[in-house]
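See structure below.
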Amino acid sequence: MISNLVKAGLTRRTFLQSSAVTAISAGLPGAAFAADKTIKIGFLAPLTGAVAAWGKPGLDGCQIWAERVNAAGGIKLGDDSYTVELVSYDNEYDPAKARTGATKLIREDGVSFIMMLGGDTWPGVQPVADRTGMLFSTLLPSDLSPDTATLFAPTEVHPIYLVTGVEWLAENRPELKTAVMCAQDDALGLPSVATYLAAFEAAGIEMLDEPLLFDPATTDFAPVVTRLLSKNPDIVCLDTCYSDYVHPIAEQLFQQGFTGQIISATADFYDQMIAKTSKEFMEGFIFQFPDFDDPALNGDNINFEDPNGFYATYNERHPGQWGAVSWEYASIMDLWKAAAEKAGSAAPDAVAAAMKEGGTGNHAFGDAKWWGTELFGIDNALVGDWPVVVIQDGKAVIKGFRSIPDWYDKHGDLLVKHMQAYDQMWDQRS
């Protein structure tokens, strides 16, 4: 499957300028630190290829985060201050390359922490984590299991945040009663399918057909959309499709005359979708990742420093490249920094213990709790509120924050049922 994905040669290339292996220093010139007082952080994610939209923008965001931290005095461990240096490795969303990258980052580069996208690449890395005790993060809690003691999901709680978008849709568009769904058949798509099915069932929205699972190597989406629309649905769900899929699917929906509701995990580079379709077509598109200039991110509940300024800097340096992960890895680093300073150490075990102390943490969108035993077999996911985002007049707008734990308390049995049906529970995956 992975080889097919890479061979497909999909089109998300416009912003990908990195080499396969890059080491990037985020320290500012002239910063007053001793040369040996540096903490290295590993970034192990796809920087090229079809899944790069969930890797490279995150690395760019981390560089901005590191510059801010270093300019403010760095990481304070006891009486000493340390600069932060990011060391990245392009795993191309390939498990074998991810394993090679993890080994290099630990043995050769001496990193103290490694951030990953996760998904299909985590099984390649897990033996390295088990052997070394290195602390890793993933954006996909579906990677978690009782065997992943050093793996944390501290920012994105994919796929369970997806329930918040469906819940909001059902309350605000109660006239919409039927849905269809498509997704790529992989470790990102399948748990999302199960989650959307649970959310639609909880909301009383009827699925008109089984989810349409397509090969990740697919490049022609006209037949996919034709089949979806043959059922005449009120809602088309794009699951957690990659940007290279969401864009052509949206274009096909437009060309084939769909005028109903679209809901998706992401809408990265939505301005490009508007340009290929129309502002009217994209009006009301529901997804889960805000632009950080949104006024709703200036509330007291937000645990991300100066989101508006971060967004402005990001877009100045990387125009047109803001996406779902642009802020997420930086938010993970906020949690890691706070835990390291609390522990007075960058050692993986010390940081992990400090991060989970008290069972709660400062998630980007508010206070959250370490959770997951029921679904993942381990409480290593930081779960709380998540925003629902809607495109209005060509701009992403946060419509509110919804509680994932509250939804799960009411409908958790449905999520478990559908996860089991798709073999996505931790005991089935392992």
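At a 10 Å Cβ-Cβ cut-off, how would you order 85, 210, fewest neighbours first?
The fewest-first ordering by Cβ neighbours comes to 210, 85.
With bins 10 Å wide starting at 0, give me the P(r) of the chain over every alpha carbon pair, in whole percents.
5, 23, 34, 26, 10, 2, 0
Based on the inverse mean of 1/r over its pairs of different Cα atoms, what is the Kirkwood hydrodynamic radius of segment 343-414, in Å?
Kirkwood radius, segment 343-414: 14.3 Å.
Once you place label points 7 Å from the Cα toward the Cβ at residue 349 and residue 234, how far apart are they in nm?
5.5 nm
Give the separation of the Cα centroids, segment 244-269 to segment 144-190, in Å.
18 Å
Based on a Kirkwood Rh over C-alpha pairs, give the Stokes-Einstein translational diffusion coefficient of segment 107-216 at 20 °C and viscosity 1.002 mPa s in µm²/s.
So the translational diffusion coefficient is about 135 µm²/s.
Order by neighbour count: 259, 373, 148, fewest other Cβ atoms within 10 Å first, most last.
Ordered by Cβ neighbours within 10 Å, fewest first: 259, 373, 148.
Where in the chain are the DSSP H helices whose alpha-carbon span along the long axis reaches 20 Å or more and whose Kyte-Doolittle mean is at least 0.0?
Answer set is 189-203.
Which residue fluctuates most in the GNM of the chain (Cα springs below 10 Å): 50, 330, 187?
187
How would 328, 357, 251 line up from fewest to most surrounding beta-carbon atoms within 10 angstrom?
The most exposed by this proxy come first: 357, 251, 328.
With +1 on each Lys and Arg Cβ and -1 on each Asp and Glu Cβ, and nothing else charged, work out how big the dipole of the chain is about its Cα centre, in Debye to the nearest 20.
Here the size comes out at about 700 debye.
Between segment 394-430 and segment 335-385, what's the alpha-carbon centroid distance in Å?
First find each Cα centre; the distance between them is then 20 Å.
So if I restrict to the alpha-carbon atoms in segment 31-170, what is the Rg, and what is Dmax, the biggest pairwise distance, in Å?
Just the Cα atoms of segment 31-170 yield Rg and Dmax of 16.3, 56 Å.
Over the chain, with a Gaussian network built from C-alpha contacts below 10 Å, which listed residue (77, 228, 151) shows the highest mean-square fluctuation?
In this elastic network of the chain, the residue with the biggest mean-square fluctuation among 77, 228, 151 is 77.
Can you give the relative contact order of the chain as a percent, counting alpha carbon pairs under 8 Å and 6+ residues apart?
Relative contact order here is 17 percent.
Pop out the ³J(HN,Hα) list for segment 43-53 in order, Karplus 6.51 cos²θ - 1.76 cosθ + 1.60 with θ = phi - 60°, rounded to Hz; leave Gly and Pro as x.
Whole-Hz 3J(HN,Hα) from phi for segment 43-53: 10, 10, 7, x, 9, 9, x, 5, 9, 5, 5.
FYI, it's all coordinate maths here, none of it is from the lab. Just so you know, these numbers come straight off a predicted model, no measurement behind them. Note that we place each Cβ from the backbone using ideal geometry, even for glycine, and neighbour counts take in every protein chain shown.
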